[in-house]
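Presented below is the structure to which this report refers.
Each value in this text was obtained by applying a stated rule to the coordinates, not by laboratory testing. All values reported here derive from a predicted model rather than from experimental measurement. Neighbour counts are summed over all protein chains in view; Cβ atoms, including those assigned to glycine, are modelled from backbone coordinates with ideal geometry.
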Amino acid sequence: MRTTLLLVRHGESQHHVRRVAGGPLGDTGLTDEGRSQASRLAERLARSSTLHGASVYCSPLPRAGETAAIIAAQLASPTISEHCGLCSYHVLPANDGRSPEDGWAKARRGGGMALFRAEHEGGDSWGQLALRAGEALHEIADANYGKSVVLVTHNETIQASLVVLGYLPFRSRMNVSLHVASITEWSTEDDTTAGGPPDWPFAEWTLVRLYDTAHIED
């Protein structure tokens with residue numbers, strides 16, 4: 001049976017336009033353009049009969065929740081489930097709503113996200129984000145085995161999917177920056193719960209599309 005994860009990056013957000021850290025305080029939702037992008041995305045997804053009534057998940061951040069609400073309305077989805085594993089890097093309260101320059105001025109080495117040691121005490125490293133995203137994606141896939149599901153998330157979480165579903169090297173030189181309101185699609189025909197002794201089988205995921213923005217292009 002085919003299981004499909006549609007990873008959607010949220011629409012243009014106010015915190016991005018204002019150039020401030022978008023934690024629970026700094027994230028004040030979508031811009032008017034972001035809502036328009038989300039509407040066009042939702043209309044496109046709604047044209048797929050397999051997505052009618054599909055489960056919709058999102059991170060707890062307002063920009064993701066607002067995008068998810070627009071999509072869920074178009075798909076006639078009964079509920080929206082928040083999952084913290086779909087978050088981007090967690091923003092510390094001291095940096096929330098402040099400029100990135102302010103935040104990096106207090107970092108251990110002044111900038112750049114480290115692999116295994118967070119640049120801010122109590123913050124995330126890339127390793128922590130990838131592990132959190134991997135657990136969330138596999139948990140959601142298991143809960144929706146044989147179905148298609150929409151996940152409204154963030155640039156870094158979709159980047160992490162290339163590692164945790166595509167098995168790219170943990171430290172890769174391939175930089176990926178995904179446009180807002182873009183679609184990245186993963187699917188598998190395998191049992192999503194596989195993985196363990198004695199032969200350690202794992203589901204083989206296929207990257208069906210990456211950075212699909214046809215619905216918002218002029």
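Things to note:
- Amide hydrogen neighbours beyond the local backbone of Thr153, cut-off 5 Å, H modeled: Val8, Arg9, His10
- Loop sites in region 88-187: chymotrypsin sites (Phe, Trp or Tyr not before Pro), DSSP, at most 10 other Cβ within 10 Å: Phe116
- Loop sites in region 143-218: trypsin sites (Lys or Arg not before Pro), DSSP, at most 10 other Cβ within 10 Å: Arg171, Arg173
- In the chain, Cα pairs under 8 Å separated by at least six residues give a relative contact order of 29 percent.
- Extension gain, Phe202 back to Ala105 (0.36 nm per residue minus Cα-Cα distance, nm): 30.7 nm
- Ellipticity estimate at 222 nm from DSSP helix runs (n ≥ 4, -39,500 (n - 2.57)) divided over the chain, nearest 500: -9500 deg cm²/dmol
- Using a Förster distance of 35 Å, the FRET efficiency for Ala214-Phe116 (Cβ separation, nearest 0.05): 0.40
- Net length gained if the chain between Glu185 and Arg19 were fully extended (0.36 nm per residue, minus Cα distance): 56.9 nm
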